[in-house]
Amino acid sequence: MSGPFALWRWARLFSDYSVFLEGFVITILVALSALLLALILGVIFGLFSTSANRLLKAVSRVYVEFFQNTPLVIQVFFVYNALPYVGLTLDVFSIGVLCVGIYHGAYVAEVIRAGITSISHGQMDAARSQGFSYIQAMRYIILPQTITIVLPPLANQAVNLIKNTSVLALIAGGDLMYRTDSWASNGTLSYGPAYAITGALYFLLCFPLVSWARKHEVKIKNRDIIAHEVDS
């Protein structure tokens, strides 16, 4: 009756299910918004990193290296605590979207860069010889092929992004992790059921993406094998 998973703790959790549901919805909204931002930044800086312009390449490297090599927690705390000193105050939802989106944008940029460089350079040369500009060649020839290649790693990045939204709990972001900690620490210390349900909800979001990415990657490999056999 007094264990961490006692039945009365579960009964209390299910009677307060709305607390977890509200946090779950906020986590989904933050994740979707941050993912959109990460994709936009990732495509832009991924194109920069494969550009012939050295300045654009340098800008891309600075962005990627800085955000990949500093903890997301520090970035969130810096935005949360430092921006008010310059007269800019953001709500915690916006801070979450901004920080998580920019952080994962650096990883998405590397995925896009790897996808673009995996396409034979001869295709770009052929497009340019046919009168395509660099942007047109990217839009109509290179990027459509790149999308298929980068979808599995992008799905894995989406999974990591979803899990990293939990960093909002450190700034009272109202997300699933914050609601879980607040509920569990309020009186009865029912951390067992709270963390079990929260883990299951994160699993519900992440597992379908991981499964799809794995199947899509196998599909791409099988297609390449068939194409190689036909060519030979």
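Here, each number is a calculation from the coordinates, and none is a lab measurement. Being a predicted model, the structure only gives us computed values, none of them experimental. Cβ coordinates were reconstructed from backbone atoms using ideal geometry, including for glycine residues, and neighbour counts include every protein chain displayed.
How many of the residues making up segment 46-71 are touching an Asp or Glu at 6+ places or on another chain (Cβ under 9 Å) and surrounded by 16 or more Cβ atoms within 10 Å (Cβ to Cβ)?
The number of residues fulfilling the criteria is 3.
So if I check each of Tyr107, Tyr80, which one is within 18 Å of Val150 (Cα to Cα), part of a helix (DSSP H, G or I) and hydroxyl-bearing (Ser, Thr, Tyr)?
Of the residues listed, the single one that is within 18 Å of Val150 (Cα to Cα), part of a helix (DSSP H, G or I) and hydroxyl-bearing (Ser, Thr, Tyr) is Tyr107.
Yes or no, residue by residue, for (1) touching a Leu at 6+ places or on another chain (Cβ under 9 Å); (2) charged (D, E, K, R); (3) closer than 24 Å to Glu217 by Cβ; (4) surrounded by 21 or more Cβ atoms within 10 Å (Cβ to Cβ):
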position	(1), (2), (3), (4)
Ser94	no, no, no, no
Cys99	yes, no, no, yes
Ser118	no, no, yes, no
Gln136	no, no, no, no
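Give Gly101, Gly115 a once-over and let me know the one that is in contact (Cβ under 8 Å) with a residue 12 or more places away in the chain, within 13 Å of the chain's Cα centre (by Cα) and assigned to a helix (DSSP H, G or I).
One residue alone meets the criteria, Gly101.
Can you pull out the residues in segment 28-43 that are among the β-branched types (Val, Ile, Thr) and closer than 18 Å to Val92 by Cβ?
Scanning segment 28-43 gives Ile28, Val30.
If we only count helices (runs of 4 or more DSSP H) wholly inside segment 1-68, which ones have 2 or more residues that are over 29 Å from Glu110 (Cα atoms) and small (Gly, Ala, Ser)?
7-15, 17-49
Residue by residue, here is whether (1) among the aliphatic types (A, V, I, L, M); (2) without any contact (Cβ under 8 Å) to a residue 24 or more places away in the chain; (3) surrounded by 14 or more Cβ atoms within 10 Å (Cβ to Cβ); (4) under 23 Å from Ile44 (Cα atoms) holds:
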residue	(1), (2), (3), (4)
Ile74	yes, yes, no, no
Ala126	yes, yes, no, no
Ser133	no, yes, no, yes
Ala158	yes, no, yes, yes
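When residues of segment 5-21 are filtered for being surrounded by 15 or more Cβ atoms within 10 Å (Cβ to Cβ), under 32 Å from the mean Cα position of the chain (by Cα) and of a type in the set (A, V, I, L, M), how many remain?
2
So which residues in segment 167-187 are surrounded by 18 or more Cβ atoms within 10 Å (Cβ to Cβ), touching a residue at least 24 places away in the same chain (Cβ under 8 Å) and among the small types (Gly, Ala, Ser), if there are any at all?
Passing the criteria: Gly173, Gly174.
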